[in-house]
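To start, the structure itself, in structure tokens.
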């Protein structure tokens, strides 16, 4: 008999080790708890068992995992606070001892459906997290002292796992809520920024939706260069807001049909710095937006404004925005000149490659547009904007730009 008891003890120890592996595995919560339940029920030769999770808000325990229990998901135990205080922590309670208690009388049908012969309330840090229901044993009804100790150890592991699952669920819900709030805030940002962009373009009779097109061109190039999504969004926002400084400039200068005077050109050239002054006070959720905007009129050769930066001092975003802004100016009518054709715009980009425009970005932009015109991309981004302003020409795309 001692040999038999020793064998049972070794089996319990081995099963507890298996249980530890199951509850610490990378499986999802339901699969993890189902596996753990099968380990525990196997330890004590119990063909019918269920693991229940307690939900304080609903004041009930619901089946999280079942074995040999029909229609387990719809079985629940209604539990009041007074019931919780009467539970022994992580220790088995025979069904006969439960009989007559308020918990049993209120849930008599649920206990019958579960086939409960032994009930183990699960506690973690003095807080009830669930319960283990064990049915009739195949070998014997009574539990040995060593088996009770093993069951208590198993219950403790199950309780901690349930508590961790509950904390993880709360954390996941909090993360989901924060994500939802962030997305709402982000959408408010975008809506506000687009409204600003529309207000900026409204001041110039010739540049309706200019900011939207620049933003679209810049984001397309950044995407083709392999930028991350959040950085693509940053360059898009910079495109929408790059001309916000023009709000303080007299419309008469912006829409002047004649050649600008030196003073008027100097006024126009203040707009990147004014944009920076306005926007640098805003805490954007995107990095580098205001720097892209401040430098969108800088040139590779150092001849731009407002800071006369050269190639090595300019960010890739500023270089992209520079080209996108200049290209849109080329293919749209302005008060002082008619638009260029696409072929003429491509020639201008090629002529200014390495002086005004970054060579690599020029190549990427022109190659991307050429592929869009040839239908070699999944989704065209630049082409639809050009179509809206009537800038598309009939010449084959391959003739537009030779790198």
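For the stretch 263-389, what Kirkwood radius comes out of the mean inverse Cα-Cα distance, in Å?
Mean inverse Cα-Cα distance, inverted, gives 15.8 Å.
Give the relative contact order (percent, whole number) for the stretch 330-389; include only Cα pairs under 8 Å separated by 6+ residues.
20 percent
I need the peptides 341-349, 317-325 ranked by packing, meaning the mean over residues of other C-beta atoms within 10 angstrom, with the highest value on top.
Ranked from most to least packed, the peptides come out as 317-325, 341-349.
Cut-off 10 angstrom, C-alpha nodes, Gaussian network model of the chain. Which of 236, 305, 143 fluctuates the most?
Judging by the Gaussian network model, the answer is 143.
Decide, for the stretch 157-234, between rounded, prolate and oblate: order the square roots of the alpha carbon gyration tensor eigenvalues as a ≥ b ≥ c, take rounded if a/c falls under 1.5, and otherwise choose prolate if a/b is larger than b/c, else oblate.
Note, shape of the stretch 157-234 comes out oblate.
With angles folded into 0 to 90 degrees, how steeply does helix 2-23 sit against the dominant principal axis of the chain? Use alpha carbons for both and round to 10.
Its long axis makes an angle of about 20 degrees.
State, as an integer percentage, the relative contact order of the chain based on alpha-carbon contacts under 8 Å between residues 6 or more apart.
Averaging sequence separation for qualifying contacts and normalising by length gives 10 percent for the chain.
Can you give the direction-averaged projected area of the convex hull of the alpha-carbon atoms in the chain, in nm²?
Over all viewing directions, the chain projects a mean Cα-hull area of 29.8 nm².
Between residue 86 and residue 149, what FRET efficiency follows from the Cβ-Cβ distance if R0 is 25 Å, with the result rounded to 0.05?
For residue 86 and residue 149, the calculated efficiency is 0.65.
Comparing 172, 146, 310, which has the greatest mean-square fluctuation in the GNM of the chain with Cα pairs linked when under 10 Å apart?
So, out of 172, 146, 310, the one fluctuating most is 146.
So what's the angle, to the nearest 10 degrees on a 0 to 90 scale, between helix 29-43 and the longest Cα principal axis of the chain?
The two axes meet at around 20 degrees.
Taking the Cα atoms only, what angle lies between the long axis of helix 316-330 and the longest principal axis of the chain, rounded to 10 degrees?
Once rounded, the angle reads 50 degrees.
Between the stretch 116-169 and the stretch 229-255, how many Å separate their Cα centres?
Value for the Cα centre distance between the two parts: 64 Å.
No value in this document is a laboratory result; all are computed from the given coordinates. Quantities reported herein were computed from a predicted structural model and do not represent experimental measurements. Because the Cβ atoms are built from the backbone with ideal geometry, glycine has one as well, and the counts that use them run over all protein chains shown.
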